[in-house]
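Following: one structure in structure tokens, then a few remarks.
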Ligand SMILES: CSC[C@H]1O[C@H](OP(=O)(O)O)[C@H](O)[C@@H]1O
Ligand SMILES: Nc1ncnc2[nH]cnc12
């Protein structure tokens, strides 16, 4: 069922959209979730343009899920081409409260071997000028990003990962580069010197927008390679990444399933109220159109 816009078409209001509690963003190698039941596809419109593709809505262990492949179903979008704002806004519109983000990453530490799962707690942003805020257009807000990952959700994922037999690394820093090229050896050495744990090209932008949308966010990062710093490994190639991904995609699906059954209904974390003291602009000064566009995000505060 596609959501329609325009004067001649009937628009579907947010309250009529099926409300999914958990969002799953699939990265490289994860384009669908066969275990979903009662599945249907939905195109969701946003004031920021089109998401990466149609959402797959369904249930997992009875819990409503919204799944989106961030690079598109055929992996047609570069990390820099992804419309992160549309993806996250659509998740909010669909009623998502928690996002599990599955990603391929390069490992910057010997101990994080290919095939291991990292659940980072921090990001370092080296992206270049991506659109990574919903604000502007007459409304100013500054959310806290000191702890960009929801520790409650990350804890659930860590427990779930261990339960399905994954080797996990809790905490650490995910450096998000712009890409699409992989790092030079010099960059890789510098990143290691900074104490970075894993490197990827997508997650920080999602985490920033999730926080603005008051959605809990955690990364399930599958280490696929040692980037290009490791003395006894060849520099990373797409072939290397895909091979490790294909060997481990079933593991990430098991982790998602085990995590979903461990999630209760309510949220005790601060993510749910991230905007409470963040909006600077008084409601009376926010342009009408901006208010209307951002209603799913700011509606409860203005
Ligand atoms: C296919 S290798 C590089 C590619 O893989 C990661 O994608 P994702 O985070 O969506 O799993 C990395 O960020 C790059 O986009
Ligand atoms: N080495 C690497 N650098 C950036 N993104 C990646 N995704 C998987 N491996 C990566």
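The values are calculated or read from the model by the stated rules, or taken from the named source; none is laboratory data. What you see is a predicted model, and the numbers here were worked out from it, not measured in a lab. In this analysis, Cβ positions are derived from the backbone assuming ideal geometry, glycine residues included, and neighbour counts consider all displayed protein chains.
If you take the residues of segment 267-279 that are in contact with a strand residue (DSSP E or B) (Cβ under 7 Å, 6 or more places away or on another chain) and closer than 22 Å to residue 64 by Cα, which of them is nearest to ligand 1 (Cβ to nearest atom)? Can you show your working first?
At the first step, the residues of segment 267-279 found to be in contact with a strand residue (DSSP E or B) (Cβ under 7 Å, 6 or more places away or on another chain) are 267, 269, 271, 275, 278-279.
Pick out the ones that are also closer than 22 Å to residue 64 by Cα and you get 267, 269, 271.
Details: 267: 25, 269: 24, 271: 21 Å.
Only one residue tops the list, namely 271.
Being farther than 27 Å from residue 247 by Cβ and either more than 14 Å from ligand 2 (Cβ to nearest atom) or surrounded by 22 or more Cβ atoms within 10 Å (Cβ to Cβ) (or both) narrows it down to one of 61, 97, 34, so name that one. Please lay out each step first, then the result.
On the way: 61 fails: farther than 27 Å from residue 247 by Cβ; 34 fails: farther than 27 Å from residue 247 by Cβ.
Only one candidate passes the filter, namely 97.
Name the single residue that is farthest from ligand 1 (Cβ to nearest atom) among those in segment 236-266 being surrounded by 18 or more Cβ atoms within 10 Å (Cβ to Cβ) and part of a loop (DSSP other than H, G, I, E, B).
263
What do you reckon, is residue 158 under 24 Å from residue 215 (Cβ atoms) and either out of contact with any helix residue (DSSP H, G or I) (no Cβ under 8 Å at 6 or more places or on another chain) or touching a residue at least 24 places away in the same chain (Cβ under 8 Å) (or both)? Don't jump to the end; show me each part of the working.
Details: under 24 Å from residue 215 (Cβ atoms): yes; either out of contact with any helix residue (DSSP H, G or I) (no Cβ under 8 Å at 6 or more places or on another chain) or touching a residue at least 24 places away in the same chain (Cβ under 8 Å) (or both): yes.
Yes.
Is it true that residue 114 is farther than 13 Å from residue 202 by Cβ, modelled with pLDDT of 95 or more and within 13 Å of ligand 1 (Cβ to nearest atom)?
Details: farther than 13 Å from residue 202 by Cβ: yes; modelled with pLDDT of 95 or more: yes; within 13 Å of ligand 1 (Cβ to nearest atom): yes.
When the stated conditions are applied, residue 114 passes them.
Look through segment 211-231, keep the residues that are within 16 Å of ligand 1 (Cβ to nearest atom) and part of a loop (DSSP other than H, G, I, E, B), and return whichever of them is surrounded by the most Cβ atoms within 10 Å (Cβ to Cβ). Give the derivation first.
Filtering segment 211-231 for residues within 16 Å of ligand 1 (Cβ to nearest atom) gives 217-228.
Imposing the further condition that a residue be part of a loop (DSSP other than H, G, I, E, B) reduces the set to 226-228.
On the way: 226: 23, 227: 25, 228: 19.
Taking the candidates together, the pick is 227.
May I ask you to list the residues in segment 75-87 that are in contact (Cβ under 8 Å) with a residue 24 or more places away in the chain and surrounded by fewer than 18 Cβ atoms within 10 Å (Cβ to Cβ)?
Step one: list which residues in segment 75-87 are in contact (Cβ under 8 Å) with a residue 24 or more places away in the chain, which gives 75, 77-80, 82-87.
Passing the criteria: 75, 77, 78, 80.
Which residue pairs have Cβ atoms closer than 6 Å, lie 6 or more positions apart in sequence or on different chains, and pair a first residue in segment 245-273 that is closer than 16 Å to residue 105 by Cβ with a second residue that is in a helix (DSSP H, G or I)?
Here the result reads 255/160; 255/161, each pair linking segment 245-273 to a residue that is in a helix (DSSP H, G or I).
Table: residues versus (1) over 20 Å from residue 229 (Cα atoms); (2) buried (at least 24 other Cβ atoms within 10 Å of the Cβ); (3) more than 18 Å from the chain's Cα centre (by Cα).
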| residue | (1), (2), (3) |
| --- | --- |
| 150 | yes, yes, no |
| 155 | yes, no, no |
| 163 | yes, no, yes |
| 179 | no, no, no |
| 183 | no, no, yes |
| 186 | no, no, yes |
| 190 | no, no, yes |
| 203 | yes, yes, no |
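Check 216, 176, 150 and return the single one that is within 30 Å of residue 285 (Cα to Cα) and either within 16 Å of ligand 2 (Cβ to nearest atom) or touching a strand residue (DSSP E or B) at 6+ places or on another chain (Cβ under 6 Å) (or both). Quick ask: steps written out before the conclusion?
Numbers: 176 fails: within 30 Å of residue 285 (Cα to Cα); 150 fails: within 30 Å of residue 285 (Cα to Cα).
Being within 30 Å of residue 285 (Cα to Cα) and either within 16 Å of ligand 2 (Cβ to nearest atom) or touching a strand residue (DSSP E or B) at 6+ places or on another chain (Cβ under 6 Å) (or both) holds for just one of 216, 176, 150, which is 216.
Scan segment 129-143 residue by residue and report those that are out of contact with any helix residue (DSSP H, G or I) (no Cβ under 8 Å at 6 or more places or on another chain) and assigned to a loop (DSSP other than H, G, I, E, B). Full working, then the answer.
Taking segment 129-143 first, the residues out of contact with any helix residue (DSSP H, G or I) (no Cβ under 8 Å at 6 or more places or on another chain) are 129, 136, 140, 142.
129, 140, 142, listed by residue number.
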